[in-house]
1. Report the residue count in the stretch A:1-40 for those that are of a type in the set (G, A, S) and in a loop (DSSP other than H, G, I, E, B).
2. Scan the stretch B:171-214 for residues that are in a strand (DSSP E or B) and among the aromatic types (F, W, Y) and jot them down.
3. What is the residue count in the stretch B:1-49 for residues that are surrounded by 17 or more Cβ atoms within 10 Å (Cβ to Cβ), farther than 17 Å from B:Y269 by Cα and in contact with a helix residue (DSSP H, G or I) (Cβ under 7 Å, 6 or more places away or on another chain)?
4. Taking helices (runs of 4 or more DSSP H) that do not extend beyond the stretch B:30-100, which have at least 1 residues that are touching a Phe, Trp or Tyr at 6+ places or on another chain (Cβ under 6 Å) and closer than 22 Å to B:A14 by Cα?
5. Within the set of pairs 6 or more residues apart or between chains, which connect a residue that is within 7 Å of chain B (Cβ to nearest Cβ) and basic (K, R) inside the stretch A:62-87 to a residue that is assigned to a helix (DSSP H, G or I) and crowded, with 16+ Cβ neighbours inside 10 Å with Cβ atoms less than 9 Å apart?
6. Give the residue, chosen from B:L206, B:L244, B:L249, that is under 18 Å from the mean Cα position of the chain (by Cα), among the hydrophobic types (A, V, I, L, M, F, W, C) and modelled with pLDDT under 95.
7. Of all residues in the stretch B:229-283, which are crowded, with 18+ Cβ neighbours inside 10 Å and polar (S, T, N, Q)?
8. What are the residues in the stretch B:136-150 that are of a type in the set (A, V, I, L, M) and either surrounded by fewer than 24 Cβ atoms within 10 Å (Cβ to Cβ) or facing chain A (nearest Cβ under 7 Å) (or both), if any?
Amino acid sequence: MDLKVLELVQDCNTAAEGAVVYEAVRAYIAKGQHITLSFSGADSVPSSFVNASIVRLVEELGFDQVRKSLAMVNCTPQVTDMLRRCIRNAATSMAA
Amino acid sequence: MSHIVTLPGNFTEAAIYPFVRAVVTPEGMPVAGEVIFDFQRLSWIDGTGLTVFCNTLEWLRARSAVFSFINYTGHKQAISYLDDCGFFKEYLGEPLSSKASPRRTSLPFKRIQPSEGFWWLDNTAAPWLADVLRVQVGALVSIKTSAKEIFNNIADHSAEQIGFVHLQHYPRREEIRLTISDFGTGIPATIRRRYGDMSDSKAIRLAVEEGITTRSTPNNRGAGLRILVDYVSHNKGSVAIYSLGGMLLTEPNEDGTPAFFSSQGAGTYPGTLVDIILRTADFVGDPVEEGEDFQWI
């Protein structure tokens, strides 16, 4: 299943917008589908958005499950960096 | 009971604490129910001073204190600057001069809610910054993200959910300052609620550690302040944070990582002020590209 974040939300700035993305992706994962999530057009993504979307998925479903079910594409270097940092922080917190 | 506060002659970053000490008691309360600000000595004010002043006025208003101004009708440089930035229009209802208008070197202070801040960033601040720095808007994503982290912090931690932004270019200093302030509970108070008692300066230093989170909202996992500092440092810029009695300065190391300098301030800032200082000659910028696939580790 291909999803574009900017078709799910108007902007990628807030935790509320991240929660919308979380709900959409979570629903497809629950159906056993693999999701390719495109960040095309979203050049600048703060931590609140990532924490409320992707990190929440990782915390609820586990890192391995999300990695198997979700690919994230068309990311700017900043989006990639933010995803990496927030997921790393979550992994550290979960391991503690 | 009224109390007269004389504005500093040179209202810049260095005057923050003397000014707030005159307005805010050590207990964090307004110095009086009515505060009269005397502009007589004011000969210079920059964007940081203006943002501090406006934030403090709103902080007073939020605590039901009233304020007024005296001796502001001179034609001094500072009064003219304030008028051009819209200060008197905002607080007196009309500008002092019919010729008052924003200068090319500033995006005047604006009272914003976080949701408006995102729009302001994309549609007003980013094109202005790109023009001053002579880069594409796409090269500013990490700076935009830094400001978004602050707006989200205001949304998460400030009951009033209102802040001030001001952008100022200082061509002779080859410097741009993006100043954002709110009059919320302050970073140290939020950190102490989660991590226990500590000084304001230690709390601010802790707040910029990677992975530190107050979990102040269900979706808050922290990281925002550290990301702000890292991104600004990567662009060879500096950050100054004033919050309650603590202050933190960062300077970029040679490799673009931040060096931290925290200290206890000489007063209590009413809320939080973040000054992002970019050096136009050293600005790095972000690669303008899209299309990476995220690699799970």
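1. 2
2. Correct list: empty.
3. Number of matching residues: 3.
4. Result: B:47-62, B:77-84.
5. Here the result reads A:R67/A:V58; A:R85/A:S47; A:R85/A:V50; A:R85/B:R226; A:R85/B:I227; A:R85/B:D230, each pair linking the stretch A:62-87 to a residue that is assigned to a helix (DSSP H, G or I) and crowded, with 16+ Cβ neighbours inside 10 Å.
6. On inspection, the qualifying residue turns out to be B:L244.
7. B:S233, B:N235, B:S238, B:S243, B:T250, B:S262, B:T268, B:T272
8. Let us first name the residues in the stretch B:136-150 that are of a type in the set (A, V, I, L, M), namely B:137, B:139-141, B:143, B:147, B:150.
Across the stretch B:136-150, the qualifying residues are B:V137, B:A139, B:V141.
The values are calculated or read from the model by the stated rules, or taken from the named source; none is laboratory data. As the structure is a computational prediction, the values presented were derived from the model and not from experiment. Reconstructed Cβ throughout: ideal geometry from the backbone, glycine too, with neighbour counts over all protein chains shown.
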